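J.: One structure, as structure tokens, below. Some questions next.
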Amino acid sequence: MGKIELIGTGLDNSFIAISDGSKRLITKNLVPGIRVYDEKLINIENEEYRIWDPFRSKLAALVLKDSSISIQKNHNILYLGAANGTTVSHVSDIVTNGIVFAVEFSPRAMKDLINVSTQRMKLVPILADAKNPKSYQNIIPEVDVIYQDVAQKDQAMIAIRNARMYLKKDGILVLMIKARSIDSTRDPRDVTDLEVNKLEGKFKVYELVNLEPYHSDHFAVVAQKIS
């Protein structure tokens, strides 16, 4: 790899690394020497970074689609649908002075998530159903950002219920809409528009981004809480 140019993104501790005509998204590794999902590690000016694969992470895809999303190192994040911890681990690289509360419903995925959290002390795994935000109300404070990636039918309503309880006024919602999980028979854009309409009056929607070519039939919504 030749000389590397780093270009900042809207996410703290995250950069686009340009070298020899290639462009890769990276995060500064919170735990040097440790991989989470066999991602490649690279060293730039005595700092270790993890390559962030947009085909495995919808948030990475959103950033590479030139989103204006901003996540700061001191933000507290409520992450709904944390799965095995792939994207969550990069979020914990970003919010080095904040806490990531990672909610996951699957006990099998939770085992992997717990393993990831043992190296990342400000990553808090929570075994719970995002449809029932009251079930974790004694754990989570008010947060700056809610990031949601769940494969359930009522995706917008899950976001609204969680935002009502935990998201600061003017806080940011990043909602990954899995259209085929809502209705596999309709056009994904039509399904997405119906979900976005449910946010009206509660959020100001800034972006609606098609995540092709990284993720088929997936759209990302970036919105700000207004009530």
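FYI, it's all coordinate maths here, none of it is from the lab. Given the structure is predicted, the values throughout are model-derived calculations rather than measurements. No Cβ is skipped: glycine too gets one built from the backbone with ideal geometry, and neighbour counts run over all protein chains shown.
J.: Farthest toward the dipole's positive end in the chain, which of LEU208, GLY98, ASN138, given Cβ charges of +1 (Lys, Arg) and -1 (Asp, Glu) about the Cα centre?
T.: Farthest along the dipole direction, towards plus: ASN138.
J.: May I ask you to list the aspartates and glutamates whose Cα is less than 18 Å away from that of LYS178, ignoring any residue fewer than eight positions away on the same chain?
T.: Excluding near neighbours in sequence, the set is GLU104, ASP129, ASP149, ASP154, ASP187, ASP190, ASP193, GLU195, GLU207, GLU212, ASP217.
J.: Can you tell me which aspartates and glutamates have their Cα less than 18 Å from the Cα of LYS40? Leave out same-chain residues fewer than eight positions away.
T.: In chain and number order, the partners are GLU5, ASP20, GLU48, ASP53, ASP93.
J.: Using a simple charge model, +1 on the beta-carbon of Lys and Arg, -1 on the beta-carbon of Asp and Glu, nothing else, what dipole does region 41-133 show about its Cα centre, in debye to the nearest 20?
T.: About 300 debye.
J.: I'm a student and want to see the number: the projected area of the Cα convex hull of region 34-128, averaged over all directions, in nm².
T.: 6.3 nm²
J.: What does the charge count around MET157 come to, taking other residues whose C-beta lies under 11 Å from its C-beta (Lys +1, Arg +1, Asp -1, Glu -1)?
T.: Numbers: positive: LYS131, LYS153, ARG161, ARG164, LYS198, LYS202; negative: ASP154, GLU195.
The answer is +4.
J.: Taking the simple approach of a point 7 Å from Cα along Cα-to-Cβ for both ASN97 and ASN43, what is their distance in nm?
T.: 2.8 nm
J.: What's the FRET efficiency of SER19 with SER227 using the Cβ-Cβ distance as r and R₀ = 35 Å, to the nearest 0.05?
T.: 0.15
J.: Show me 98-106, 53-61, 117-125, 185-193 ranked by packing, highest mean number of other Cβ atoms within 10 Å first.
T.: The most tightly packed comes first, giving 98-106, 53-61, 117-125, 185-193.
J.: Past the 23 Å Cα-Cα mark, which pairs from LYS122/LYS202; LYS111/LYS168; LYS111/LYS131; LYS153/LYS198; LYS3/LYS58?
T.: Over 23 Å apart, Cα to Cα: LYS122/LYS202; LYS111/LYS168; LYS3/LYS58.
J.: Could you give the size of the charge dipole of the chain about its Cα centre, using +1 on the Cβ of each K and R and -1 on the Cβ of each D and E, expressed in debye and rounded to the nearest 20?
T.: Approximately 560 debye in magnitude.
J.: Let me ask something else. Relative contact order for region 90-178: what percent, with Cα pairs under 8 Å and sequence separation of 6 or more? Before the final figure, lay out the partial values.
T.: On the way: 106 pairs, mean separation 22.5, N = 89.
After rounding, I find 25 percent.
J.: For VAL95, list long-range residues whose amide hydrogen, built 1.01 Å from N in the peptide plane, is under 5 Å from its own amide hydrogen.
T.: Placed amide hydrogens put nothing under 5 Å from VAL95.
J.: Sticking with this structure for a sec: Quickly rank 168-176, 207-215 as a protection proxy: mean count of other C-beta atoms within 10 Å, highest first.
T.: Result, highest mean first: 168-176, 207-215.
J.: On a C-alpha basis, how far is the centre of region 98-174 from the centre of region 25-51 in Å? Whole number, if you could?
T.: When both Cα centres are located, 25 Å separates them.
J.: Here's a follow-up. Using only Cα atoms and rounding to the nearest 10 degrees, what angle (0 to 90) does helix 155-166 make with the longest principal axis of the chain?
T.: Between helix and principal axis, roughly 80 degrees.
J.: To continue, here is another question. Only bridges with both residues in the chain count here: give the DSSP antiparallel percent, nearest 5.
T.: Values: 31 of 51 bridges.
In the chain, approximately 60 percent of DSSP beta bridges are antiparallel ones.
J.: Students often check this: by mean Cβ neighbours within 10 Å, which of 138-144, 17-23 ranks highest, and how do the rest follow?
T.: Packing order, densest peptide first, comes out as 138-144, 17-23.
J.: Give me the one-decimal nm value for the distance between modelled label points at SER68 and GLU212, 7 Å along each residue's Cα-to-Cβ direction.
T.: 2.5 nm
J.: Dipole magnitude of region 155-227 about its Cα centre, charges +1 at Lys/Arg Cβ and -1 at Asp/Glu Cβ only, in debye to the nearest 20?
T.: With Lys and Arg at +1 and Asp and Glu at -1, about 500 debye.
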